[in-house]
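Below: one structure, written as structure tokens.
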Amino acid sequence: MTKEYETIINTITLPYRWALGPAWTRFFDGLKEEKIYGTRCRKCKKIFVPARSFCPDCFEDLDEWSDVSQEGTLRSWTLVKKSHYGQVRRPPYALGLIHLDGTDCDFIHFIGGIDLSDLKKVREKIKAGTRVKAVWNKEKNANIHDISYFKPLK
Amino acid sequence: MGKAVAIIGTGQTKHGRRNDVSYPELVREAVKAALEDAGLTPKDIEGVVSGTMPSMMEGISDTHLYFADAICEVGKPVLKVETCGSTGQSIAHCGFYWVASGAADIVLVVGSEKMFEGDGQATMSTVADPWFLKPFSAGAPGVFTMQAMEWMHRFNIPEDKAREAAALISLTNHDNALNNPFAHIKITMTIEDAKNAFIITYPVRLLDVCPTSDGACAVIFASEEKAKKICKKPAWIKGVGFRGEEYFLGESNKSIWPSATEAAKHAYEQAGIKNPLKELDVAEVYNPFTYQEMIFYECFGFCPRGEGPDYVLKGTFTMKGELPCDPSGGVLCTNPIGASGLIRLAEAALQVTGKAGARQIDGAKLALSHAMGGIDQFNGVTIVGADL
């Protein structure tokens, strides 16, 4: 056996205070009011969710705000079974790429409101193409968790 | 592309859990091997490029201080590049451009990661902002699995067929790793093992997913004049391509993955490759996830869109197939992230110079190497050939 050399243990904890800027601040304020805001590009006409201050395609300023639909279509999903440090929820939980009606991109959030303990049932309820609707948290903190999850519609 | 550039030396560590050495000692192991392979000393190196995954992974953020002596950087110009998983291809391209510009004749490129020292999945969740993306991360598998599910849906690929093909990819890579003295995971497994393994993020299971590894890789780039003088059999750089994508996941169609497609196309144009499946002899595809590997095959033009599983199931990419992929066992069996993309290039160089030992593809003359990084954000490709 080769000798096991020593290791040193040290934990790094660092505080940050991130600036969200005007567009993301307004987006989160909107969530508090149970509204999902996107911004529309005057040049390419695309609506982006979450709202942002400049177009990723055209590099134009975005100042046209849109209160977008809270229903959409699931583009993709997965059921997370493995846990790791720093996860917001305990597995099992479902993630989805959601395309809200009338917008031009997908965004990522939880899929919920169904029994996630049985994979067979999950596969019956969640599929790419499934219609979903935002379910709001009673308690609002102007952050992404003001939307609790997106629930599959029957 | 600038002036002609060759790879004249490569070095890898034995990858795996390497508590037996400090991080600088690990890095030096690869650098020393590359210098010996090229027949050079540190004095011959004119410039150094190095990178890891974002330095959060190391827990020591000035890696160029930590590795200063190990990468022979003292008294030399130094560059640091980090693009997550694609770091290995990014630093290689950096070394290539440096020599192709004519500003240096011999440049050392070093990639490394010592993942057993930290918490790999937790660190990976720090690559994204904590207010939009991080809350929904499930390590790397969450994002890559959703990409695979989207791909299956858009191309109407039956889940069972994709499952069968992913299991065969897992088996092929694990078998190949047994022939690679540097590989980390060396196990004998079956298709059934892959299909019944623990679910990480449905439908991705344990044997569909890469390990975390400690390891380093070093590659030495040289100008045509120096390469011809120093090296009996250099590997020539035939084409390089790299593309990035936007910030928010969900703005581009990852089932046809624009960055992977365009990076390969750019490299093929320079290398004069029109039919990659026929013209390439071997490919080292960055394959941390079996399902994702099939998307790469399609993006790289190895098969038509949506037909990845069919080509896999008929054995196209096995050691005896039409285009063997990852004879090294790939990222699926060895993943020191900051080194992984450079290992792909080193392996491709070994193949076209006939130095790949038990994993050699007979007579390989043209090889593709690749790496992917970030939240499906970056793709880099380098083509190497036996002839200038």
### Query
Among the listed residues B:155, B:198, which satisfies the condition of being open to solvent by 10 Å² or more (accessible area, probe 1.4 Å) and touching a strand residue (DSSP E or B) at 6+ places or on another chain (Cβ under 7 Å)?
B:198
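Within segment B:179-236, how many residues turn out to be aliphatic (A, V, I, L, M) and assigned to a loop (DSSP other than H, G, I, E, B)?
Residues that pass the stated criteria total 5.
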### Task
Assess whether residue A:54 counts as being within 13 Å of chain B (Cβ to nearest Cβ), more than 23 Å from residue A:138 (Cβ to Cβ) and surrounded by fewer than 19 Cβ atoms within 10 Å (Cβ to Cβ).
yes
### Task
Search segment A:73-92 for residues being in a strand (DSSP E or B) and facing chain B (nearest Cβ under 8 Å), and hand back the single one that is most open to solvent (accessible area, probe 1.4 Å).
A:75
## Note on the structure
Per the filter on segment A:57-68, residues surrounded by fewer than 20 Cβ atoms within 10 Å (Cβ to Cβ) and either on the phi < 0 side of the Ramachandran plot or in contact (Cβ under 8 Å) with a residue 12 or more places away in the chain (or both) are A:57, A:58, A:60, A:61, A:63, A:64, A:65, A:66, A:67
### Query
Which one of these does residue B:256 not meet: (1) open to solvent by less than 20 Å² (accessible area, probe 1.4 Å); (2) under 18 Å from residue B:308 (Cβ atoms); (3) β-branched (Val, Ile, Thr)?
(1)
### Message
Here are the criteria: (1) buried (at least 17 other Cβ atoms within 10 Å of the Cβ); (2) within 13 Å of another protein chain (Cβ to nearest Cβ). Tell me which single one residue A:141 does not satisfy.
### Response
(1)
### Query
Where in segment B:1-101 are there strands (runs of 3 or more DSSP E), lying wholly inside it, with at least 3 residues that are under 15 Å from residue B:220 (Cα atoms) and away from chain A (no Cβ under 14 Å)?
B:5-12, B:47-51
### Task
State all residues of segment B:122-135 that are in contact (Cβ under 8 Å) with a residue 24 or more places away in the chain and within 8 Å of chain A (Cβ to nearest Cβ); if no residue qualifies, say none.
B:132, B:133
### Task
Scan segment B:61-74 for residues that are over 13 Å from residue B:112 (Cα atoms) and either open to solvent by less than 20 Å² (accessible area, probe 1.4 Å) or among the hydrophobic types (A, V, I, L, M, F, W, C) (or both) and report the count.
4
### Task
With the condition kept exactly as written, say whether any residue in segment B:328-346 is in contact with a helix residue (DSSP H, G or I) (Cβ under 6 Å, 6 or more places away or on another chain), over 18 Å from residue B:212 (Cα atoms) and surrounded by 24 or more Cβ atoms within 10 Å (Cβ to Cβ).
yes
### Task
Select from segment A:119-152 the residues that are over 18 Å from the mean Cα position of the chain (by Cα) and either of a type in the set (A, V, I, L, M, F, W, C) or in a loop (DSSP other than H, G, I, E, B) (or both) and list them in ascending order.
A:119, A:122
### Message
I need the full set of residues from segment A:104-118 which are more than 9 Å from chain B (Cβ to nearest Cβ) and either assigned to a strand (DSSP E or B) or open to solvent by 10 Å² or more (accessible area, probe 1.4 Å) (or both), in order please.
### Response
A:111, A:113, A:114, A:115, A:116, A:117, A:118
### Task
Report yes if some residue within segment B:106-126 is open to solvent by 20 Å² or more (accessible area, probe 1.4 Å) and among the aromatic types (Phe, Trp, Tyr); otherwise report no.
yes
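Residue-wise test of (1) among the basic types (Lys, Arg); (2) in a helix (DSSP H, G or I); (3) surrounded by 18 or more Cβ atoms within 10 Å (Cβ to Cβ); (4) at pLDDT below 95.
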| position | (1), (2), (3), (4) |
| --- | --- |
| B:298 | no, yes, yes, no |
| B:301 | no, no, yes, no |
| B:312 | no, yes, yes, no |
| B:316 | no, no, yes, no |
| B:358 | no, yes, no, no |
| B:364 | no, no, yes, no |
| B:381 | no, no, yes, no |
### Summary
When restricted to B:34, B:68, B:38, the only residue on the phi < 0 side of the Ramachandran plot, of a type in the set (A, V, I, L, M) and free of Cβ contacts under 8 Å to residues at least 24 places away in the same chain is B:68
#### Entry: Residue check, residue A:123 surrounded by fewer than 15 Cβ atoms within 10 Å (Cβ to Cβ), among the basic types (Lys, Arg) and in contact (Cβ under 8 Å) with a residue 40 or more places away in the chain
no
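Give segment A:12-49 a look and list any residue that's in contact (Cβ under 8 Å) with a residue 60 or more places away in the chain and within 12 Å of chain B (Cβ to nearest Cβ), or say none. Before the answer, list the steps.
Just the residues of segment A:12-49 that are in contact (Cβ under 8 Å) with a residue 60 or more places away in the chain, to begin with: A:28-29, A:31-32, A:34, A:36, A:38.
Passing the criteria: A:28, A:31, A:38.
The values are calculated or read from the model by the stated rules, or taken from the named source; none is laboratory data. These figures come from a predicted structure and were not determined experimentally. With ideal geometry, Cβ positions are generated from the backbone for all residues, glycine too; neighbour counts draw on all protein chains shown. Surface areas here come from the heavy atoms of the whole protein model, side chains and all, with no ligands, DNA or RNA. Shrake-Rupley method; radii C 1.70, N 1.55, O 1.52, S 1.80 Å.
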